[in-house]
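These notes concern the structure reproduced below.
The values are calculated or read from the model by the stated rules, or taken from the named source; none is laboratory data. Predicted model only: the values in this text are computed from it and were never measured. Cβ placement follows ideal geometry from the backbone for every residue including glycine, while neighbour counts extend to all protein chains displayed. What goes into the accessible areas is simple: the full protein's heavy atoms, side chains included, and nothing from ligands, DNA or RNA. Shrake-Rupley method; radii C 1.70, N 1.55, O 1.52, S 1.80 Å.
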Amino acid sequence: RVCRPRRRMAASALATRAIRGLATMRMSTSSAAARGKATKAAGGCVAVVYISEGKDAVVMDELESTAERACAKHGARVVNVFRDVEYNRTGFTLGVRLDVGEVDAAGPLGAVATILAERALSLVDLREHAATHPRCGVVDHISCHVVGDTDAGVAVALAHRIGAHIGEHLSVPVLLYGAASAKKKGLADLRRAHGYFRETAGAGGWAGAHFVEGGFVDPEYGPKQVLPAAGIVMVGATPWVCNYNVPICAVERFGKLTTNGDGDDATSTSRAVRAGRRLAKKLSERGGGLPGVQAMALPHGHDQFGVIVEIACNLLDSKRAGPQAVQMEIKRLCALETSDGECDFDWDARDGYVTNLTPETILERLAAER
């Protein structure tokens, strides 16, 4: 059987297991040697499909079953599923192993990704979706990457294959980024240009259809008109990006959480998110922080101590600034913010977690299937 049961990863559980998460980012010489011929001169290709659903168990079970069936049919594998209920968002990591000289990942992996996208579009209506993570479509984003010794052009071909199918057959506008984009656009650039970060349900909230100015975009594939139920899909090819999230707890200094009368900590959450954004900006390269780090602050529930704000990070080059460096810098920034007498909160930086596997672990899992 090509597809084995995948290992589900829950965000709340991962947040308490940061040491393991950080450990997976390191490759020891002994473990590399132990793999021996299994991964030598071989590689693979991966598509990570982000779908704007994570709460509806029935929908999620159907999407996971769809991915497994498609993998079994086309010779790919569901490497990982990361479901974040708080964000109402799920990432499906799909992969194929490629031996030396093999370049056709676009066929099998493209087929699986588009089957999953089509099923998601049939089950999820963006007009009825609400989340604490920004999104621009039901299939919000598909990132294509190579692992091991595979040529980067394979990911580019895969991105175009996926984009063409979604645009031309599913009639959803597709915007390309990274190496797949002739316009040389980055993902963050596309998101800012198309209102990705514009909240529609208060501070740290997104609800209903995603609207762009005029209701039209300039896609590489598909129609120009953005339909409210489906939104936009952004598809790209880049080197592997490590997603590392750090929960920080905003402990109210002057008494209990400010509520709206229904037990909801809406007011404190809004203030905590705004304060968290100052920290995220200082952390990110764009704000003068760590190199290759993109960061945003998002509400992620609360506990008995206070509001949880998550600093969600894309680490574009984990060799320059990896999870450990990010963790230390967030702790430093939280300590500085807490020492400010004008601050409304005491900040408690908790252990962060990665939301996916490392390229090395992905390659090992793909190799085990051959």
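Summing charges over neighbours of residue 89, with a neighbour being any other residue whose Cβ is under 13 Å away from its Cβ, gives -3 when K and R count +1 and D and E count -1. Near the amide H of residue 141, within less than 5 Å, lie the amide hydrogens of 50, 234, all on another chain or at least 5 residues away, with H placed in the peptide plane.
Ranking of 336, 363 by solvent-accessible surface, largest first: 336, 363 (1.4 Å probe, protein heavy atoms only, all chains present).
Reported to the nearest whole Å, the Cα centre-to-centre distance from the range 323-343 to the range 82-156 is 34. Residue-wise HN-Hα couplings along the range 210-225, as the Karplus relation 6.51 cos²θ - 1.76 cosθ + 1.60 with θ = phi - 60° gives them from phi, are 8, 10, 10, 4, x, x, 10, 10, 10, x, 6, 9, x, x, 7, 6 Hz; Gly and Pro carry x. Ordered from largest to smallest accessible area (heavy atoms of protein chains, 1.4 Å probe), the residues 171, 270, 339, 52 come out as 339, 171, 270, 52.
When the trypsin sites (Lys or Arg not before Pro) in the range 259-368 are filtered for DSSP coil states and for at most 14 other beta-carbon atoms within 10 Å of their beta-carbon, the remaining sites are 319, 320.
Under a 5 Å amide H cut-off, with hydrogens placed 1.01 Å from N, residue 205 pairs with 200 among residues at least 5 apart or on other chains.
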